[in-house]
1. Report the far tail of the P(r) of the stretch B:93-132, meaning the percent of Cα-Cα pairs longer than 12 Å.
2. Using Cα-Cα distances under 8 Å and only pairs 6 or more residues apart, what relative contact order does chain A have, in percent?
3. What does the C-alpha gyration tensor say about the overall shape of the protein assembly as shown? Classify as rounded when a/c is under 1.5, otherwise prolate if a/b is larger than b/c, or oblate.
4. For every helix of n ≥ 4 consecutive DSSP H residues, a contribution of -39,500 (n - 2.57) applies; sum these over the protein assembly as shown, divide by its total residues, and give [θ] at 222 nm rounded to the nearest 500 deg cm²/dmol.
5. What does the average come to when, for each residue of peptide B:125-135, you count the partner chain Cβ atoms lying within 10 Å of its Cβ?
6. Send over the semi-axes of chain B's equivalent ellipsoid, whole angstrom and largest first, taken as the square roots of 5 times the C-alpha gyration tensor eigenvalues.
7. Which one of B:Leu13, B:Leu67, B:Leu216 has the biggest mean-square fluctuation once chain B is modelled by GNM with Cα springs under 10 Å?
8. Within a 10 angstrom radius of the beta carbon, how do B:Tyr9, A:Tyr26 rank from fewest other beta carbons to most?
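Values quoted throughout were computed directly from the atomic coordinates according to the rules given, and no laboratory measurement underlies them. All values reported here derive from a predicted model rather than from experimental measurement. No Cβ is skipped: glycine too gets one built from the backbone with ideal geometry, and neighbour counts run over all protein chains shown.
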Amino acid sequence: MKGLWAALRKDLLLQWRTRAQAAAVYAFGASALLLFSFAVGPQASLLREQAAGFLWLGLMLSSTLTLAESFQAEAEQHALEGLLLLPASPRALYYAKALANTTALFLLGTGLLPMMVILYDAATPRVPPLLGIVLLGSAGLSAPGTLYAAMTAQARARQTLLPLLLFPLVVPVLLASVKATSLIIHGDPMGQLGSWTLLLTCFNVIHWSLCGLLFERVVED
Amino acid sequence: MPRGKLPYYSVALGALLLLWGSTWGLFFAPAETYMGDVQRIMYVHVPTAWNGMLALTIAFFFAVLSLWKGGLDWDARLEGALEVGVVLCTLLCMQGAIWAKPTWGVWWDWDPRLTTTAVLVFAFGGILALRQFVDDPVKRATWSAVAAIIAFADVPIVYFSVRWWNSLHQVQSTPATVSRAFHWPLRINAFGILFLMSGLIAVRARLAALRREDELAPPLPAAVPHGASLAQGVRP
């Protein structure tokens, strides 16, 4: 547990020190939201209807940039080997990195919410549940994303490989997050929000456990 | 890696059975009452679905064994199963689209099984791409196995998420749900593709093992000195 806190502190500090890059990723996500509206057309009702989908596509595309860079510092000058020599388990290193990535994606998603409200007129008074879904969705993207980022950071063509591996895997996260966000914005007369939240939670439980177990094998060689 | 002729016999037997079953299905089995001749694609579509899923399940078990037992032979088998599974699932999507156009009126529909198969093609195809970009054979083996286990664990979640989202596909075809007149071509083709799949996995695994041996072999000397025996330049 001590190792986890130390590694988490290190990863959050790294995120803070590269905040200029986080700002660039935010600008990318915001411009993606702007571009989606050009693809659909200026009809306000249509844009409002598709707002949740655009928000999550923007966040998912931006997440690959955040995740791909998350192991960049460790990949340089064999820093990962150095970290593995420390008295902290590889599992602690994984969970720290995944938690730091979840924090970064949650902040990015929270930052994109006002853009969604302004561009698509998709305001909702139910902010706490919306933030809860953004948190669950960010955690769902981070769990497999962090594991794959650890692999692709050491491979060639990592910017291409990470989305190639990650996107098919996180289809349930995209579906559940879009549906849940849409139900929060447009109302939930059939009471379906609970099912989609449950699906997101199940995805998180399975992937946070499985990826934590397998991370050691990915970095041990 | 064993070096017998059995995989080639399996491929040949599979091809013959597939030819026999398809000829029966196309020319001798009766046409279906509502769909007519369009239904005949079922004789390859359903066996492809069964065997595609089986190949990816085999890939999952090879991935677990590769991580658990170590050794690069399991990785070679994993590569064979992944390749054959991805090819069969791609064929499955194509056959599904060919059948969907005259039946549903569209090439593609966001049905759970169709969508899950497409996601499987991309998820497992991504692992094949990963293998091309990792030079170290040990890392390649470990990472492919890890990625295959995660992708396989994701399949039920993908299926249920898409099922909640949208559903149109008919109930899956089994001998219990199709007429007796259609049983034999379906069964013959199922075994045909099973033999073809098993043989191809074994052949591809052998090829992957040979490629790995080539990768791990020490490099040839830059030049054989004048007068030296050629045998000195041959890899051990």
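1. 60 percent
2. Averaging sequence separation for qualifying contacts and normalising by length gives 27 percent for chain A.
3. Here the protein assembly as shown falls in the oblate category.
4. After summing the helix terms and dividing by the residues of the protein assembly as shown, the value is -26500 deg cm²/dmol.
5. 5
6. 40, 22, 14
7. So, out of B:Leu13, B:Leu67, B:Leu216, the one fluctuating most is B:Leu216.
8. B:Tyr9, A:Tyr26
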